[in-house]
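A.B. asks: Just passing along the structure, written as structure tokens.
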Amino acid sequence: MSLFAYQFTQDLVDWYESEQRDLPWRRSRDPYRIWISEVMLQQTRVDTVIPYYENFLKKFPTLPALANAHEDEVLKAWEGLGYYSRARNLHGAVKEIAASYDGVVPNDPDKFRELKGVGPYTGGAVMSIAYDFKEPAVDGNVMRVLSRVLYITEDISKQKTRKQFEEHVREYLEMTEPSKFNQALMELGALICKPKKPDCEQCPVSKLCVAREKGVVEQLPIKAKKAKPKDQQVSCAVIVDENERVLIEQRPKEGLLAGLWQFPAVLGHEDDLSSVLHDQYKLDISLQKESDVFKHVFSHLKWEVSIYTGTIATEEDHQGVWVNKQEFQTYSFPVVYQKIAKHYLGW
Ligand code: SF4
């Protein structure tokens, strides 16, 4: 046991015990609740997650309740959080637990990691926080803190570097309570050792931090630059009929924003949109191009959505799904389409 490791784990856990934030998922050791929070917190800020977490647990208070829900209900509760494959994978994994483990989250890190969408981070976080397994939970926050404390200068986007961090954490977990230690590392990254301007004066492990001693805190972690998101032109049609119903369609079951709903849209320009409206919905309608362009950035793509509007007589034989305001609220839409609905329909 190294003296450094002993001091580091002690100081960090002591600090965590007195300074930790009172977050809703910390009020329970229920693995289901912790799991939901960890999935929601991926790529998403704590303040954004809290209302979603509370609402989600009101709707699906237990694992069987979520397992029995229809996927549309789950996506509706996730609407606006983004990265919807997280919700679909979570739902798939929960169903698997209901079918194979009597509805109880397996008390076994290997079995838990075999479930759909459970990667090394989520596996480690849930197993350590709920059951105190000595499992590392290494995400970007944790790598930032440790690369500074230990002065690790390898590229953190490489799998090999992540493994290196996991090995360090495994060593520390031998001498502390895994649940508290893993959360303490995350908390330090969130509150003190932030990406920019870390508050080293308030840091409980500043005496042990090599990057601080060397004066290179803000140069770490080292991370290879990601490719710039690719631009995509999207054209979308907001078409209402005389009964104030609007035409919507479901996105394909696979791929980006799979299974969510939108106004009829194409990758391309007005002509492409008109062809789809004609071929798919038998609509020949004169569209008006609006001046606003809605932008949405995904991790690898940047959408520029141009809007076309039109009104059509109400006829019996309209194809597609036409919904009024009330019905509209029951479908799940990506954020960019929610904004468009608000702007053009006031819904
Ligand atoms: S001393 Fe500064 S850089 Fe080092 S761990 Fe603490 S906050 Fe981060």
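The values are calculated or read from the model by the stated rules, or taken from the named source; none is laboratory data. For clarity, every value in this text was computed on a predicted model and none was experimentally measured. Here Cβ is always computed from backbone atoms with ideal geometry, including for glycine, and neighbour counts include all displayed protein chains. Keep in mind that these areas ignore ligands, DNA and RNA; they rest on the heavy atoms of the full protein, side chains included. Shrake-Rupley method; radii C 1.70, N 1.55, O 1.52, S 1.80 Å.
A.B. asks: Between residues in the range 286-313 that are among the basic types (Lys, Arg) and residues that are loosely packed, with under 13 Cβ neighbours inside 10 Å and not in a strand (DSSP E or B), which pairs lie under 9 Å by C-beta distance while being six or more apart or on different chains?
C.D. replies: 302/228
A.B. asks: Something else now. Identify the residue in the range 1-46 that is surrounded by 17 or more Cβ atoms within 10 Å (Cβ to Cβ) and of a type in the set (Phe, Trp, Tyr) and, among all such residues, is farthest from the chain's Cα centre (by Cα).
C.D. replies: Among them, the one singled out is 8.
A.B. asks: Could you say which residue among 158, 207, 180, 197 is closer than 29 Å to residue 104 by Cα and of a type in the set (D, E, K, R)? Show your work before the answer.
C.D. replies: Values: 158 fails: closer than 29 Å to residue 104 by Cα; 207 fails: closer than 29 Å to residue 104 by Cα; 197 fails: closer than 29 Å to residue 104 by Cα.
When all the criteria are applied, what remains is 180.
A.B. asks: Let me ask something else about it. Residue 191 is checked against (1) open to solvent by 20 Å² or more (accessible area, probe 1.4 Å); (2) among the hydrophobic types (A, V, I, L, M, F, W, C); (3) more than 10 Å from the ligand (Cβ to nearest atom) and fails just one. What number does that condition carry?
C.D. replies: For residue 191, the exception is condition (3).
A.B. asks: Name the single residue, out of those in the range 1-21 being outside any helix (DSSP H, G or I) and under 15 Å from residue 174 (Cα atoms), that is modelled with the lowest pLDDT.
C.D. replies: Looking only at the range 1-21, we keep the residues that are outside any helix (DSSP H, G or I), and these are 1-2, 20-21.
Pick out the ones that are also under 15 Å from residue 174 (Cα atoms) and you get 1-2.
On the way: 1: 62, 2: 88.
Per the criteria, the residue is 1.
A.B. asks: Sticking with this one: Consider only pairs whose beta carbons are under 8 Å apart and that are at least six residues apart or on different chains; among these, list those whose first residue lies in the range 198-227 and is open to solvent by 100 Å² or more (accessible area, probe 1.4 Å) and whose second residue is more than 10 Å from the ligand (Cβ to nearest atom) and among the aliphatic types (A, V, I, L, M).
C.D. replies: Listed pairs, sorted by first residue: 223/156.
A.B. asks: A further question follows. Out of the range 110-141, which residues are crowded, with 23+ Cβ neighbours inside 10 Å and within 16 Å of the ligand (Cβ to nearest atom)?
C.D. replies: Matches in the range 110-141: 138 only.
A.B. asks: Where in the range 249-325 are there strands (runs of 3 or more DSSP E), lying wholly inside it, with at least 3 residues that are β-branched (Val, Ile, Thr)? Don't jump to the end; show me each part of the working.
C.D. replies: On the way: elements: 265-267, 288-297, 301-312, 321-323.
Ranges flagged: 301-312.
A.B. asks: Check the range 248-267 and report whether any residue there is more than 24 Å from the chain's Cα centre (by Cα), within 16 Å of the ligand (Cβ to nearest atom) and surrounded by fewer than 20 Cβ atoms within 10 Å (Cβ to Cβ).
C.D. replies: No, the range 248-267 contains no residue that is more than 24 Å from the chain's Cα centre (by Cα), within 16 Å of the ligand (Cβ to nearest atom) and surrounded by fewer than 20 Cβ atoms within 10 Å (Cβ to Cβ).
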